[in-house]
1. For the condition basic (Lys, Arg), modelled with pLDDT of 95 or more, exposed (fewer than 12 other Cβ atoms within 10 Å of the Cβ) and on the phi < 0 side of the Ramachandran plot, what is the one hit in 127, 86, 105, 60?
2. Can you tell me how many residues within the stretch 408-425 are buried (at least 18 other Cβ atoms within 10 Å of the Cβ) and either farther than 26 Å from residue 341 by Cβ or touching a residue at least 60 places away in the same chain (Cβ under 8 Å) (or both)?
3. Quick test for you: out of 374, 356, pick the one residue that is free of Cβ contacts under 8 Å to residues at least 24 places away in the same chain and under 24 Å from residue 210 (Cα atoms).
4. Could you name every one of the helices (runs of 4 or more DSSP H) located completely within the stretch 154-270 that has at least 3 residues being among the β-branched types (Val, Ile, Thr)?
5. Kindly establish whether residue 389 is in a strand (DSSP E or B), among the aliphatic types (A, V, I, L, M) and either in contact (Cβ under 8 Å) with a residue 40 or more places away in the chain or buried (at least 18 other Cβ atoms within 10 Å of the Cβ) (or both).
6. Given (1) of a type outside the set (Ser, Thr, Tyr); (2) exposed (fewer than 14 other Cβ atoms within 10 Å of the Cβ); (3) farther than 29 Å from residue 350 by Cα, where does residue 159 come up short, assuming only one miss?
7. Kindly check whether there is at least one residue in the stretch 190-213 that is surrounded by fewer than 18 Cβ atoms within 10 Å (Cβ to Cβ), in contact (Cβ under 8 Å) with a residue 12 or more places away in the chain and closer than 23 Å to residue 79 by Cβ.
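The values are calculated or read from the model by the stated rules, or taken from the named source; none is laboratory data. Because the structure is a prediction, the values reported are computed rather than measured. Here the Cβ is made from the backbone with ideal geometry for all residues, glycine too, and neighbour counts use every protein chain on show.
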Amino acid sequence: MATAYDVVVIGGGPAGTAMASGLKARGKNVLIVENDLWGGTCPNRGCDPKKILLSAVEAKTAVENLQQKGLTGIPSVDWPALMRHKRGYTDGISAGTLNGLKGQKIATMHGQAYFRADGQLTVDGEKIATTDVVVATGQRPAILPITGHEYFKTSTDFLNLDQMPKRVTFVGGGYVGFELATIANAAGADVHLIHHNTRPLKAFDAGMVQALMTNLTTAGITFDLNRDLQTIEQQADGLHLIAADGFELVTDLVVCSAGRLPNDDHLGLENVGVRFGRHGIAVNDHLQTANPHIYAIGDVSDTPVPKLTPLAGYEARYLVTQLTQPGQAITYPVVPTQVYASPKLAQVGMGAATATNQSERYRVNELDMTKWFTYYRFGAQQALAKVIVDQTTGQVVGATVLSDLADELINYLTLLIEQHLTLADLQQIVLAYPTPASDLPYLY
């Protein structure tokens, strides 16, 4: 007789594995299904390998900033060696994740999960019996449907390049475009970033985005804004990128960085009454779909938060509790987001534009920290912050940071917001000096 499971988790990435592990620890009989690499996008072909490649960018930038300040000579990026370093990490992720699941005695299957017309869940045609299903299938890179779209490469391809081409173009000015453009530029490529309007990184403060673009332009990246790309043609001298207004650019590699799509269109969800679309699987505030026995978490779910690995884990922890001890609706903390460019751009909580419209309550502290000791010591080219303070409580409620240390500082600011700390509260804590944390009192 076939095994009947309490829960089947579809997707073996950060959300799915956290879900399966949590349920197993609560005594549930769990099956987890994956049709690609165990571990999912983040450790295999996303945030982790990207950050490894960025480590070379950070090291090179650090040396450049200290020229004539104690260091001479600028290193070059050895791309094949850097790629070997990256693969030394990523090559073992899938097997390691699978072994970890098996070590917890969690049942696993590798194959395609699908709900048949009669509602039966199958994996590669094999019937699976279960009470509940959690969909955690993540997202994939979107490809713009233009003429010649077959010439597009994706972030997955870029993060596994054996050699860096001489000319690289990114189409789409979101996180991925900015981050990979930063890497390619540091590796010596002639880099262009094409965006369809004049406002890339639209979720971030416009002034800070412009400052970031100025830094990247100085570093050698060309921004081709307000270009509506229509066609890609392969010619003898390379790939010709042609826009509606007559703009034309020749490149060796073109990466589509125009967002990501939820992996919700190959599961047969329409056969079990689950609604899904461009933004993912529709769920309620208990992460439950229109089918009461099917849930969705992580990047594939249509929730009001950014699609980030830490949130996938957060939702998994919530749903583990929900499936074992049903209770309150999910609530989300403030969520920091960041762009790993050079310098880094990060934000959390309320933005300056919103605060400015409510100036009677909120104060916007605009700070140029470039000459502060924290940044002066390593020759930072620019360090800016906009910190929002609620004047009725004295608490920080939002911030945007542009600096080489923005990814560290934004986490401290997130803690200030979540813990509702005033300046007086913070002054009761002794922090190591001199560090970015010891600068926090000056941000109020």
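1. The unique qualifying residue is 127.
2. Final tally of qualifying residues: 6.
3. 356
4. Correct list: 175-186, 206-219.
5. So residue 389 passes the test.
6. Failing condition for residue 159: (2).
7. Yes, because at least one residue in the stretch 190-213 is surrounded by fewer than 18 Cβ atoms within 10 Å (Cβ to Cβ), in contact (Cβ under 8 Å) with a residue 12 or more places away in the chain and closer than 23 Å to residue 79 by Cβ.
Each row is one residue, and each column tells you yes or no for (1) within 15 Å of residue 319 (Cα to Cα); (2) under 19 Å from the mean Cα position of the chain (by Cα); (3) not assigned by TED's automatic domain parsing to the domain that holds residue 10.
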position: 254; (1), (2), (3): no, no, yes
position: 265; (1), (2), (3): no, no, no
position: 270; (1), (2), (3): no, no, no
position: 275; (1), (2), (3): no, no, no
position: 282; (1), (2), (3): no, no, no
position: 287; (1), (2), (3): yes, no, no
position: 293; (1), (2), (3): yes, no, no
